[in-house]
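Presented below is the structure to which this report refers.
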Amino acid sequence: PQPKEAKATETSHSRAHRRRTKIKMSSSKGPCILVTGGCGFIGCHTLTILLNDPRNFSIVVVDNLVNSSKISLDRVAQICEMDEKEVKQRLIFHEVDLCDEAALRKVFQESPKFMAFFHF
């Protein structure tokens, strides 16, 4: 009998990279999603998935930066291969504490209607 050919296994990282390179990001805004705690560890990973989605989501991030840093959003943009224009259109950041009702109300007034909400 012939020896079986070894199959190369694809990691989740390589699948994600393959999907990213296949999907051409449009500069137009898609449905808007609110992500609270988006600068933290789990929030950043969620942003990366949402920004690479073919539905071209626009993301509004609300974070008080107590346990995180805004620098993480720069890293997300880099991972998603977004240029400055696309970042300005699709990744909006507000440094707001969720306990500050007036500031949070302002975020909702200034943002398009959200189709979904992730809270971290």
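The values are calculated or read from the model by the stated rules, or taken from the named source; none is laboratory data. Keep in mind that this is a model prediction, so the values were computed, not measured. Glycine gets a Cβ as well: all are built from the backbone with ideal geometry, and neighbour counts include every protein chain shown. Accessible surface areas use protein heavy atoms only, side chains included; no ligands, DNA or RNA. Shrake-Rupley method; radii C 1.70, N 1.55, O 1.52, S 1.80 Å.
One table, with the values for the structure above:
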item	result
Listed residues Q89, P54, A103: farthest to the positive end of the dipole of the range 36-120 (Cβ charges)	P54
Heavy-atom surface of the range 36-111, accessible at 1.4 Å and reported per residue (Å²)	57 Å²
Given charges at beta-carbon only (K, R positive; D, E negative), |dipole| of the range 62-120 in Debye	180 debye
Whole-percent carbon and sulfur share, accessible surface of the range 77-120, 1.4 Å	54 percent
